[in-house]
1. Report, by residue number, each residue of region B:28-40 that is touching a residue at least 24 places away in the same chain (Cβ under 8 Å), assigned to a helix (DSSP H, G or I) and farther than 28 Å from B:Cys2 by Cβ.
2. Find the residue count for region A:347-383, including only residues that are more than 14 Å from chain B (Cβ to nearest Cβ), without any contact (Cβ under 8 Å) to a residue 12 or more places away in the chain and surrounded by 15 or more Cβ atoms within 10 Å (Cβ to Cβ).
3. For A:Arg426, all conditions in the list (1) among the charged types (D, E, K, R); (2) assigned to a helix (DSSP H, G or I); (3) away from chain B (no Cβ under 11 Å) hold save one; what is the number of the exception?
4. Against the conditions (1) within 19 Å of A:Val328 (Cα to Cα); (2) touching a Leu at 6+ places or on another chain (Cβ under 7 Å), where does A:Ala155 fall short? Just the number, please.
5. Hey, which of the helices (runs of 4 or more DSSP H) in region A:49-103, taking only ones fully inside, have at least 1 residues that are facing chain B (nearest Cβ under 9 Å), over 24 Å from A:Trp216 (Cβ atoms) and of a type in the set (S, T, N, Q)?
6. When A:Lys402 is evaluated against the numbered criteria (1) out of contact with any helix residue (DSSP H, G or I) (no Cβ under 8 Å at 6 or more places or on another chain); (2) within 14 Å of chain B (Cβ to nearest Cβ), which criterion, by number, is the only one it fails?
7. B:Ile9 versus (1) farther than 30 Å from A:Phe102 by Cα; (2) within 27 Å of the chain's Cα centre (by Cα); (3) in contact (Cβ under 8 Å) with a residue 24 or more places away in the chain: which is the lone unmet condition?
8. Across region A:196-241, which residue is modelled with the highest pLDDT among those that are in a loop (DSSP other than H, G, I, E, B) and surrounded by 23 or more Cβ atoms within 10 Å (Cβ to Cβ)?
Amino acid sequence: MSGPNSEAPELKIGVVGDGFGALTVYSTAVYLGFRPEEIGIFGPSKNPVTTYQQFAWNLGQTVLRSESESHFLPADWPTFAQLDAYSRRDLTPLLRSARRKFNPGVPEVLAEAAIVTAGLGYENRVYGRRVGWVVREPGNPPHFSIYDEESNLMARCRHAMIAIGHGPLSYPGVYAEAREDPQLADRVVQAYEPKRYHAGGRYVVVGSGIASINEWVNIVEAGGQCIALRRNAAPEDQDLNVPRCLFDGSGIDAFQGLSFDDRVAFLAKALKGTSPTRRNWTDTITVGKRNGQFEELFGNVSSINPGASGLSVTVKLLNGTETAPLDVTGITLGTGFIKSALSLPLLRRLIQSYDVPVEHERVSLKTNCGIPPLDRPDSRLCMMGLNANTVVPNGDTIAGLKYVARRFVGDVARAENLRYRSFPNRLGIQLRLARATSKALREIRKTEQLA
Amino acid sequence: MCPTIIGRIHTRVATLVGPAILGLILSLATGKPGWIVLIGVLLLLGASLDSVVYPLILRYQPPWMTFILALGEFGLIYILANVLSLGLTPLQAIVFYWVSWSMAIITKIAVLPIASLTYLESSGEFRHAAWSIPPVQASLPILPDPAEAQAGSGPIVAEASGVHSAPLEHLPSPSGVH
């Protein structure tokens with residue numbers, strides 16, 4: 001690595017990653033009283049919604065799975081339903097929100113993210129290169145050096161948040177083998193990848209979470225046939241990624257009271273194949289069933305070979321029998337992302353360099369999301385997002401990102417003796433951003449609610 | 001929201017500050033203590049319900065439930081106000097109750113989330129933006145995990161007996177007797 005560089009900026013907060021997590025840490029810090037020049041965002045993109053936007057587009061997702069409180073203004077009032085109702089002079093969002101049937105539209109919430117990004121000067125704080133190494137410097141005061149992937153020193157920061165998001169897309173078992181075979185690779189796709197369905201095609205969709213159900217609907221609407229392959233006989237019907245009270249302090253308190261192993265086991269159970277009920281989705285699937293376009297199977301694909309229609313697939317059913325080879329056009333996987341910390345190069349280097357403890361391929365974070373043994377109260381190193389859901393069960397939702405960001409920035413504020421913004425000043429920021437969002441919402445076509 | 005008992009009490013007290021100031025002003029202006037006493041009675045009644053009744057019947061409290069609870073509390077406070085003879089006419093008490101409730105609900109929805117960034121996600125409690133369980137309070141296993149037992153020795157045993165064993169200073173016996 002290159003030696004000390006006096007040109008490197010010295011920051012109070014460095015955020016490694018350039019997505020939703022980075023934006024929530026940045027907006028929380030500015031809202032509480034940090035100056036923008038005290039914060040650095042380390043990642044290639046100046047637009048924190050790029051990755052999410054691409055995934056949402058590939059999925060055909062139009063509304064968030066989250067509810068009204070999940071949006072990007074620094075504080076929780078106004079909620080998105082209140083903003084929507086005020087902007088469009090329409091009480092429907094409030095009535096829906098009261099029944100927990102309001103989900104912010106993707107275009108609307110991304111517009112708000114863009115307003116918060118521009119309104120708080122986020123783009124000016126992005127150091128546009130990917131981070132390769134985070135190095136603990138014991139000096140006085142203790143800090144971290146942030147290096148890019150070519151080992152150039154980018155900056156030094158007193159406190160750092162690792163917000164690098166999900167691991168790579170997951171292709172379990174036979175699907176990974178198929179992806180390696182040039183004859184099969186382009187017919188086995190992930191729900192989060194760009195794809196196109198054709199009328200008359202027959203597709204297997206693996207999984208029963210929200211991504212898979214989106215694909216069921218996309219296939220039926222494209223005029224294709226969908227074989228929904230569910231790996232669990234009875235998935236839980238759940239609108240949020242985890243049971244509702246786990247979003248509150250009381251639920252998170254109880255969750256954190258469990259041992260690390262119990263927390264991982266709980267997440268494995270709670271997050272398995274949960275899917276929301278959506279009125280329009282149900283209608284589409286019902287019509288699809290009636291028209292012979294939709295069928296469910298319970299089991300796992302046991303072999304994938306080239307076939308007359310593209311692929312020849314056999315499925316081992318949960319009852320132990322195996323289907324005859326099925327001729328299909330393609331397979332779409334709703335199997336999500338690899339959750340192993342070792343799949344992320346930056347984390348793997350940290351783990352190898354500093355003996356960061358790992359259990360079940362997840363970093364054993366401290367109960368304050370700190371990364372042992374590097375984290376310390378006067379120079380925090382934390383992690384957020386899916387990698388932190390062993391501490392905060394909804395860590396990979398907007399609400400979970402806010403939960404972690406607020407506590408991390410709170411710790412930093414105490415360590416740095418921050419002079420907090422006054423109540424009127426905070427209110428001013430919040431209202432300024434809310435007004436701008438409201439103006440933008442009036443210019444966006446209202447997204448249809450699906451619940 | 002899934003408010004805790006403490007969260008309900010925090011919220012109740014914080015949202016009645018505004019109505020209490022209004023009640024005090026009205027009491028001083030009219031010479032009738034009934035206005036401020038009504039808020040006191042509402043606080044006691046609310047705190048009792050928050051600590052004994054609501055936690056039993058409502059784990060998750062949907063937003064629309066707030067108004068239903070307000071109607072129930074209105075009935076109870078109306079009876080109590082009559083029993084206690086506060087010196088207000090029924091119309092005065094009814095109007096004051098709903099004005100106070102409106103102030104309280106605006107405080108709860110708009111003011112408290114700005115004043116305390118973690119108010120909503122802390123189950124209605126006013127906490128520092130702090131973690132549920134600080135690392136120093138995290139529980140440690142008393143009994144070894146069977147998986148750890150199968151994993152073999154750790155760094156301490158390696159230091160004590162390995163090829164690269166660390167030198168250990170000869171120290172007195174730990175026994176306090178010998």
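The values are calculated or read from the model by the stated rules, or taken from the named source; none is laboratory data. Just so it is clear, the model here is predicted, and its values are computed rather than measured. Positions of Cβ are backbone-derived with ideal geometry, glycine not excepted, and every protein chain shown enters the neighbour counts.
1. B:Gly34, B:Trp35, B:Val37, B:Leu38
2. Residues that pass the stated criteria total 1.
3. (3)
4. For A:Ala155, the failing item is (1).
5. Passing ranges, in order: A:80-88, A:92-98.
6. Checking A:Lys402 against (1) out of contact with any helix residue (DSSP H, G or I) (no Cβ under 8 Å at 6 or more places or on another chain); (2) within 14 Å of chain B (Cβ to nearest Cβ), the one that fails is (1).
7. B:Ile9 satisfies every listed condition except (1).
8. Checking each candidate, the answer is A:Gly207.
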